[in-house]
């Protein structure tokens, strides 16, 4: 069964405040508690032992135009779940092409174009900061799935590199600090691999019921993003920030 995204939102700062103009993360939310990537058998194990399990991080990699270290990405995802004390939960990530994401966008959003990331929560009625419901079986232990267009991410890197050179170091870093969260941190990386973990942080926050339509929602979500970013940094799983570029040699 496939999740049906009902809404794709940009990563904006809430109404009436500064909006991120650069790293627009289009997040699709599912209407139904269904699975896109993961398939797990239900068990009658005691609830206590359920929380002792190691969750499945299923990464499906079907694009070939941009190299990706999926083993590193899996370690990063597991570190995020550990930081959230959700290491027993399953999550799926599909690293795909523009064509795949364009098809999903057209099918469920009516937009025949690619985008960066779509998210499909298993617990579609969850609203942060509420907790996940009690787990009755392994079949319940699923956060949901995310789809990323890796070529789209690469183009965004090239675009931001050009924009950074136009703005200059001081203005670029000032804007990054003002934006904060995943979007602000992403401004310090100009290659796809380091950004993928940041996209997943944002996607997982949506899987856990975070949103950013209102100021209060955005503040809560940005704080959670920054906690997960720091968790990766503490575990030495976050790439060092790129030096500010001195010249541009990028292609779309």
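Before moving on, here are some points about what is shown:
- Of the residues 202, 210, 61, 247, the one with the fewest other Cβ atoms within 10 Å heads the list, and the complete ranking is 247, 61, 210, 202.
- Convex hull of Cα atoms in region 146-233, direction-averaged projection (nm²): 5.9 nm²
- Residue order, fewest to most surrounding Cβ atoms within 10 angstrom, among 132, 207, 238: 132, 238, 207
- Computed label-point distance, nm, for sites residue 56 and residue 113 using a 7 Å Cα→Cβ extension: 3.6 nm
- FRET efficiency estimate (nearest 0.05) - Cβ-Cβ, residue 135 to residue 169, R0 41 angstrom: 0.30
- Fewest-first ranking of 56, 70, using other Cβ atoms within 10 Å as the exposure measure: 70, 56
Every number in this text was worked out from the coordinates using simple rules, so none of it is lab data. Predicted model, so just to flag it, every value in this text is computed and none were measured. Cβ: placed from backbone, ideal geometry, glycine included. Neighbour counts: every protein chain shown.
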